[in-house]
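Undergrad: Okay, here's the structure, questions in a sec.
The values are calculated or read from the model by the stated rules, or taken from the named source; none is laboratory data. Fair warning: this is a prediction, and the values are worked out from it, not measured in the lab. Ideal geometry is used to build each Cβ from the backbone, glycine not excepted, and the neighbour counts take in all protein chains shown. Heavy atoms of the whole protein, side chains included, go into the accessibility calculation; ligands, DNA and RNA do not. Shrake-Rupley method; radii C 1.70, N 1.55, O 1.52, S 1.80 Å.
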Amino acid sequence: MRASVFGSVRALVERPRGFPVARRAMVTAVVAGSLMVSAGCSSSDGSGSTGGDAAGTTQPPPSSPAVSSSPSTLPPPSSLPPAKGSVKVVSTLTEGLASPWGLAELPGGDLLVSSRDERTITRVDGRTGSKTLLGTVPGVSPAGEGGLLGIAISPTYASDHLVYAYFTTGSDNRIARMRYDEHGDTGRQLGAPHTVLRGIPKGNIHNGGRIAFGPDHMLYAGTGETGNTGLAQDKASLAGKILRMTPDGKPAPGNPEPGLLMYSYGHRNVQGLAWDSRKQLWASEFGQDTWDELNQIVPGGNYGWPKYEGKVGKKGFVDPVAQWKTSEASPSGIAFAQGSIWMAGLRGERLWRIALSENPDKEPLAAPQSFLKGQYGRLRTVLAAGGDRLWLVTSNTDTRGTPEPGDDRALVLEVR
């Protein structure tokens, strides 16, 4: 069992103090017309299924229902997830990853992993775990929480072989795409980056960085407010937002405000993006001192930061669907599988399961459960692998973890 080490110095680095704590409420009107575009315990010992631990947080009174961003067709009752789930670690796919951050699946089942600090992208064989270096991304300037962050595969990869990356430079955060030549020499298979979006504010902290293509084939990006809290409410700034754009980096048709990339705002530091079976977008977010959050994303919704943190029930703001004490989560990547959202925890060193109800406007089906607490250290990224499988990547070599032999690693999980 890995010991959880959370010194006061690290806690201060991960969650800067000194700003008043509060947050969230609920948007009260359905966003119509073009905005209907969808954004779309016991711990396992690694050898068997367990029931997990229910969250022990104190929940404020429920707020108004969330507003779905797209029409929903309710699934039959048999398709609902069980109230209590389980996690089994099937295998360790690969080891020895350096500061892994982004994770994306190639057609055929192999994975691409970005290294925040090494500035590299590595291909991992989805069956054997063997690693092949694709290359180093030029222009990346790692520092603090910045560097080579999220990656995504073009929805038309079969014809264009494009890999997208979100990274920090000396002057900003930006998104670029590179052609991947699978037949090129090892270490030189990435073409020169072509920037599709520049000018996302950067900081030593809160650079966001998660990118993903949605069911609508538009590119979504979660950004942070860089420690400058006022940027989250400034609609003219790209910081503290979820952005929605075309593959060329232009404002996507149907965005809440024509001509703007902004899809939602009032975010502190968005770290995870995923869509459920109804094509509803979900996002995980770092809180400050009190509440980390899982949010259902409403087009044009204001998620409250810096005025509110957690569930507050204030008109004009969107409350989180679930929340955690900051010591239990520090959420990073999320994925949807088996009717639940699965959320990786950094400081919390555990994997959270949030079972979704039959109605997207209702509370989760049951209290969140945690798994793998302290067994693999900090958990950075989780990705659906099809059916009941997930990939999970640890994050102990990012200067804030306590590396052990083999770190960092990619695990194969069986979940329900």
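Undergrad: What number comes out for accessible area per residue over segment 155-305 if the probe is 1.4 Å? Units Å², please. Each step should come with its number before you reach the end.
TA: Numbers: 4820 Å² over 151 residues.
In whole numbers, segment 155-305 has 32 Å² accessible per residue.
Undergrad: For segment 89-170, what does the alpha-carbon gyration tensor say about shape, rounded, prolate or oblate, given a ≥ b ≥ c as the root eigenvalues, a/c under 1.5 as rounded, and a/b over b/c as prolate? Before the final figure, lay out the partial values.
TA: Numbers: a/c = 2.20, a/b = 1.24, b/c = 1.77.
Oblate, because a/c is 1.5 or more while a/b does not exceed b/c.
Undergrad: Additional query: Using θ = phi - 60° and the Karplus form 6.51 cos²θ - 1.76 cosθ + 1.60, what ³J(HN,Hα) does each residue of segment 323-334 get, whole Hz, x for Gly and Pro?
TA: Here the 3J(HN,Hα) series is 8, 9, 4, 4, 6, 9, 9, 6, x, 10, x, 10 Hz.
Undergrad: Quick one: Karplus J couplings for segment 381-397, per residue in order, coefficients 6.51, -1.76, 1.60, θ = phi - 60°, nearest Hz, x for Gly and Pro?
TA: Ordered by residue, 3J(HN,Hα) equals 9, 10, 9, 5, 10, x, x, 9, 10, 10, 9, 9, 10, 7, 8, 9, 10 Hz.
Undergrad: Can you compute 3J(HN,Hα) from phi for each residue in segment 108-123, using the Karplus curve 6.51 cos²θ - 1.76 cosθ + 1.60 with θ = phi - 60°, rounded to whole Hz and x for Gly and Pro?
TA: Once rounded to whole Hz, the list reads x, x, 6, 10, 10, 10, 9, 9, 4, 8, 7, 6, 10, 10, 10, 9.
Undergrad: Just how much of GLU358 is accessible, in Å², when a 1.4 Å probe is used and the result is rounded to the nearest 10?
TA: Roughly 60 Å² of GLU358 is accessible to a 1.4 Å probe.
Undergrad: Distance from a point 7 Å along Cα→Cβ of THR186 to each backbone N in segment 103-127: keep the residues under 13 Å and list them by number.
TA: 123-125
Undergrad: Related question: Can you sort GLU95, GLU414 by solvent-accessible area, 1.4 Å probe, largest first?
TA: If we order GLU95, GLU414 from most to least accessible, we get GLU95, GLU414.
Undergrad: Under a crude label model (7 Å from the Cα following the beta-carbon direction), how far is GLU363 from LYS235 in nanometres?
TA: For the pair GLU363/LYS235, the computed spacing is 3.3 nm.
Undergrad: Another question, if that's okay. Need the list of aspartates and glutamates near LYS84 for cross-linking: C-alpha distance under 14 angstrom, and skip anything on the same chain fewer than eight residues off.
TA: ASP53
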